[in-house]
Structures are given as structure tokens and as C-alpha cells.
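Structure record follows, encoded as C-alpha cells.
The values are calculated or read from the model by the stated rules, or taken from the named source; none is laboratory data. Note that the structure is a prediction, hence the values are computed from the model and not measured. Cβ placement follows ideal geometry from the backbone for every residue including glycine, while neighbour counts extend to all protein chains displayed. Note: accessible area is taken over every heavy atom of the protein model, side chains too, but ligands, DNA and RNA are not part of it. Shrake-Rupley method; radii C 1.70, N 1.55, O 1.52, S 1.80 Å.
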Amino acid sequence: MATARLRIDRTEIVAPVSARLFGSFVEHMGRSVYTGIYEPEHPTANFDGFRQDVLDLVRELGPSIIRYPGGNFVSGFRWEDSVGPRGERPVRLDLAWHSIETNQVGLHEFADWADQAGVEIMQAVNLGTRGIEDAAALLEYSNHPAGTALSDARRADGRAEPFGITLWCLGNEMDGPWQIGHKTAEEYGRLAAETARVMKWVDPTIELVAAGSSNAEMPTFGSWERTVLEHTAELVEHISLHAYYEELDGDVDSFLASAVGLDRYIGAVAAIIDDVLESKNLDKTIGISVDEWNVWYQTRFNTVDKHPLLTGDWVEHPRIIEDEYSVTDAVVVGSLLNSLLRNADRVSMANLAQLVNVIAPIRSEPGGPAWRQTTFHPFALTAAAARGNVLRAEVDCERVDTVRYGAVDLLDVAVTADDADVVLFLVNRSLTEPLTLSVDLTGAPADSVLAAQSIHAPADGDRFTSNTEVHPDAVVPVALTGVTLSGDGRHLQAELPPLSWSIVRLRARDAGVMREAKENNRG
Ligand code: AHR
């Protein structure tokens, strides 16, 4: 039996919890849009052709912002193809995913869907094949009220009011040789800066995201960020970071430590941001937009799956990277969410990539059901419960040796607290040992345990158990038993099952008193 000690103090604040940490991503790729969010022939389709069953699951998942329309797709995308009368929209080759794009869902349809899903759009512009003029035109079409050719075109296309999109990505993964219009850091930095300048002239209220590295293993990682920021630091509010993790060659210990990798990756980018801001004597902050993150079995994608990039067929919405997630993957996703919370002072937003079907927490079958993957659960529970401030937690526990990250803690943890609740997000990385956790709550006393849930392998399954069309609820959150709070509310004891993600919600002692004091101060 392994043991761990945790100490929590309300006054040790990392940063406020931003709802923007719980974004997601819809790309015109595979079945993310077509037969994912949109399927007019589906029995649950609403008036606009959106699948109501998928919409319901999206609302339950609770993402805040959705990045759109790519991803690699955006680097060959002509935005004007996707607006205007549907019958007149051109069918195009999508060179990023070797697919046929019908443009039946475009900016207006996606904005309608976003309204129905209750999410904010984060729009990417094409800096692969296009540049300043098209980015500025799309922004004018979207955000300018009226009275110009482009804004009046939007009105004629059915939206009298501007879309009012605040978040804009300056291209996507421009460091990757797979990207349409791939560029050197110097080429991209110049283009991003000039595009940013003009976009801010069109609408000074927007927030811009410069494209950072596609992953921490890119040969240009580090120098890419530095060069790009040297060109853009005055003009952007965020720089992106993309991070995908998978279990390689059965090295599950390293896989389970992916959050340590993400912590270090974020730390490295943060240090470069600080350096560049200091060297330029700039008094501003630049946030890290982790605008693609997830578990993704890329080795399977490149070797096993029959995707159109390998077969050479040109088809509409092919099945691409529809990874089926296991209990192990859910635990890793939970710990990656912990990492985002722990780094809330540097991470300004984050997008689970993606939302439906394509490496997604939600799966759907054409004409058939939609269901929650295992990874749905830690995301939904964290997004719903993380409120107030992220607290720095002091951990004292055993360590496990990993090939990729060296010795890492057996316990991965994030803590949030507002006036009413304290919430613990806990991962036991041991494959075999339960973890007895002892929490010192002297600095954050609690009145009661509101809820305690856990995701781990079911009794009749193993760590590879997943949710499928036939067994959509094989892995669901279950009650975490054995959680006890001492009478004085200053000590909590819990037993975390092997290979598990857990959430413990505590009602803060004197929650009412704190709320009242705050309200009186406001008054
Ligand atoms: O999310 C899938 C793809 O992964 C995106 O299109 C691209 O940006 C990344 O490489």
C-alpha cells in the first residue's frame, strides 16, 4: 500500500480558474463536423441539421470555447467558400486531410451551432496559402457592424449582428513540414506580425494567438517561439502550444507521467516568453494557449488505420483518427487537466482536441447513437467543479521511475477553491497499488464531503476497458469510498484505487460566513 501526504492552504493561490481552460476544438476533418455535430438526416437532427444527441452531450461536457475550423485544414481553407447560399458553395479538395469538403457547414452554420451549444468561437485564419488580406477580410466580414461590402455581405447572408469573435489564431502549426504553406520561424514571424497589425486595425478589441510549436520534440522547439515572439510580442496576447501523448512500446509509466511532460513544456515556453518580454522591455503578459492537447495514438494513425492519406481515395468526411479511449487514457487526460490547472498562472486557455469523433470525448455513428468516451468524464467533472482559485498543493509521496521523465510523484494533484468549496483532483499513477492519501486541511478547513467520485477499471474489466457503441457506459465515474473528514474539518483521509482519477468536493468551513463578508464588502 502506497501513501501520500498533501497540504492545502487557501492563501497559497496560483491564479484564478479561467473557464477558458476548458475549451475544445472542431476541425473540418474526418467526421468531426459531418456526421459529428451536423447530420440533417439523423433522427435527432434539429431544424438546422445539427444532431441534438451530440449537442446534449456537448452541453454536458461543458466546453467554454471551441477552436474552428482547423487545425491543418485551415491552412488551405478559403473562408468565402463557406458562406453565402449553400447551393452555390463550391466543393473543394481538402489537401490537409485528403478529403472532399462540401462547405455545407461554414461560418454561419457553425456560429448557429455554437449559440446552441453555449460556447464561444475561437477562429483560426489561414496563414498557409493565404495572408494579410484574407485574414483582415474574414475579420471584417465577421466583426464589423455594417456599411462595408464585407459586413453587408454577412448581413445579406443572414446575420444582421456581427459574430463578435474575440479570439483569433494566426495560422496553425506553421512549424510543421506537414502543414500546407509550412514556413520557417522567420517567415512565419514576419507574416504573423503584419497580419496581426492589420487585424487589430480592423478590430482592436480582438485577442490574437501566435502559433507556437506543434510539439516539444520539434527540432525547432524553443528557437521557433523565440523568433516568432521577437516579431509578434507587441501584437499578440497569446502564443500556442500543442501537445499530444500516447503510450509508446508498452511504456505505461512514462505515459501516466504525461502531465509532468506538459508541466515542463509549459515551463519552457513561459521562460521564453519572459525572456523576450524582458529583452524588449515590454510591460505586458503573453498567455500560453494550449489550443490542442489530448491523448492521440499517432503511431496507430501512421501505421494501422486505413485513412485516406494512406489509401489515396478522395471521399467526403472519411473516418480519420477515431481513437477509442481506455481507462488508462482517461486517467492521463485527468492528469493533463491537472497540469493545465497547476499552470493557470501561465496558461491563458486550452482546447481539448478534438470534440466529436476525431480523437474526441464524444463519439457518434451516422444514423446511430452518440456516446461518451472514457475521457469525457474527467473533462466534464473538472470543467464543472473547478471554480475560484487554483491553490498550490504541497505533495509528499513515493516516486516512480519513468524512462521519459525520470522519477515522478505517484500522486498527481490539482486543487481549486472558492468561498463555498474546496475541490481536489487526484490521480494515482500506480498500476497495482491503492494510494492512502492524508490531506492536511488546516489552511482550508472543511465542513463536509459533498461528493467523491473516481474513474478506474471496472471490476469486470482492465486498464484497456473502453466505452463503445455497444457498451457506452463500461467506464463511468463511480463513488469513491473510504473518504473521511475529521470532526474539526482539518484532516481528510482517502484511499485512491490503483490507476485512477478522482475528484473530492468539500464544503468549506464557514462558507456562509465568507460569502456574507464578501457581499457586505461589495455593499
Ligand atoms: O487535431 C488533429 C491535428 O493535429 C490538427 O489538425 C493539427 O493542428 C494537429 O497536428
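For region 406-422, 3J(HN,Hα) computed residue by residue from phi via the Karplus equation (6.51, -1.76, 1.60; θ = phi - 60°) reads x, 7, 10, 5, 5, 9, 10, 9, 9, 9, 10, 8, 10, 4, 8, 10, 10 Hz, glycine and proline entered as x.
So how tilted is helix 185-202 from the main axis of the chain? Cα-based, degrees 0 to 90, rounded to 10. The helix 185-202 is inclined about 80 degrees to the chain. Computing Rg and the Kirkwood Rh from the Cα coordinates of the chain gives a ratio, Rg/Rh, of 0.97.
Computed with a 1.4 Å probe on the full set of protein chains, the accessible area for Phe22 sits at about 10 Å². Placing pseudo-labels 7 Å out from each Cα toward the beta carbon at Leu248 and Asp401 gives an inter-label distance of 2.0 nm.
The ellipsoid equivalent to the alpha-carbon distribution of region 1-139 has semi-axes of 34, 21, 15 angstrom, derived from the gyration tensor eigenvalues as √(5λ) and listed largest first.
Take the solvent-accessible surface of the protein heavy atoms, probe 1.4 Å, and return the percent of it on region 234-352 that carbon and sulfur atoms account for.
On the way: 1960 of 4230 Å².
C and S fraction of accessible area: 46 percent.
Here's how it looks for Ser24: its modeled amide H is under 5 Å from those of Ser64, Ile65, Ile66, Arg67, Leu352, which are all 5 or more places away or on a different chain.
Rounded, prolate or oblate: which fits region 322-427 when a ≥ b ≥ c are the square roots of the eigenvalues of the alpha-carbon gyration tensor, with rounded for a/c under 1.5 and prolate only if a/b beats b/c? Write out the running numbers ahead of the final one.
On the way: a/c = 2.30, a/b = 1.43, b/c = 1.61.
Note, shape of region 322-427 comes out oblate.
Maximal additional length on extending the Asp345-Glu207 stretch stands at 47.9 nm, based on 0.36 nm per residue less the C-alpha distance.
Under unit Cβ charges (Lys, Arg +1; Asp, Glu -1), what dipole magnitude, rounded to 20 debye, does region 1-58 have relative to its Cα centre?
On the way: 6 positive and 8 negative charges, 99 e Å.
I would put it at about 480 debye.
Calculated accessible area for the chain comes out at 38 Å² per residue, all protein chains present (probe 1.4 Å; ligands, DNA, RNA ignored). Nonpolar atom fraction for region 47-86, defined as the carbon and sulfur part of the 1.4 Å probe accessible area, stands at 55 percent. Principal-axis analysis of the Cα atoms of the chain puts helix 258-279 at an angle of about 60° to the longest axis.
With a ≥ b ≥ c the root eigenvalues of the C-alpha gyration tensor of region 362-478, is it rounded (a/c under 1.5), prolate (a/b larger than b/c) or oblate? Please report the intermediate quantities before stating the final value.
Numbers: a/c = 2.23, a/b = 1.39, b/c = 1.60.
Verdict is oblate for region 362-478.
Computing FRET efficiency as 1/(1 + (r/R0)^6) for Ala384 and Glu194, where r is the C-beta to C-beta distance and R0 is 35 Å, gives about 0.25.
Where nothing but the Cβ of Lys and Arg (+1) and of Asp and Glu (-1) is charged, how large is the charge dipole of the chain around its Cα centre, in debye to the nearest 20?
Numbers: 44 positive and 78 negative charges, 138 e Å.
Charge dipole of the chain: 660 debye, to the nearest 20.
The calculated 222 nm mean residue ellipticity attributable to helices in the chain amounts to -8500 deg cm²/dmol, summing -39500 (n - 2.57) over DSSP H runs of n ≥ 4 and dividing by all residues. Here Met1 and Arg264 are evaluated by their C-beta separation; at R0 = 35 Å the FRET efficiency comes out at 0.75. In plain terms, the chain from Val91 to Glu41 could stretch by 16.0 nm, reckoned as 0.36 nm per residue minus the Cα-Cα distance.
The angle between the Cα long axis of helix 327-342 and the longest principal axis of the Cα atoms of the chain comes to about 90 degrees, rounded to the nearest 10. Between Thr11 and Lys280, the modelled label-to-label distance comes to 3.8 nm, taking each label 7 Å out from Cα in the direction of the beta carbon.
The Cα atoms of region 73-170 give a gyration tensor whose axes a ≥ b ≥ c have a/c under 1.5, which makes the shape rounded.
Database remark: amide H of Asp447 closer than 5 angstrom to the amide H of Arg507, Ala508, Arg509 (H placed geometrically; neighbours at sequence offset of 5 or more, or on other chains; Pro and chain starts carry no H).
Annotation: extensible slack from Ser448 through Ser486 equals 12.7 nm (criterion: 0.36 nm per residue apart, minus Cα-Cα distance). When the chain is described by a simple charge dipole with +1 on each Lys and Arg Cβ and -1 on each Asp and Glu Cβ, the residue from Leu107, Gly461, Thr232 located farthest towards its positive end is Thr232.
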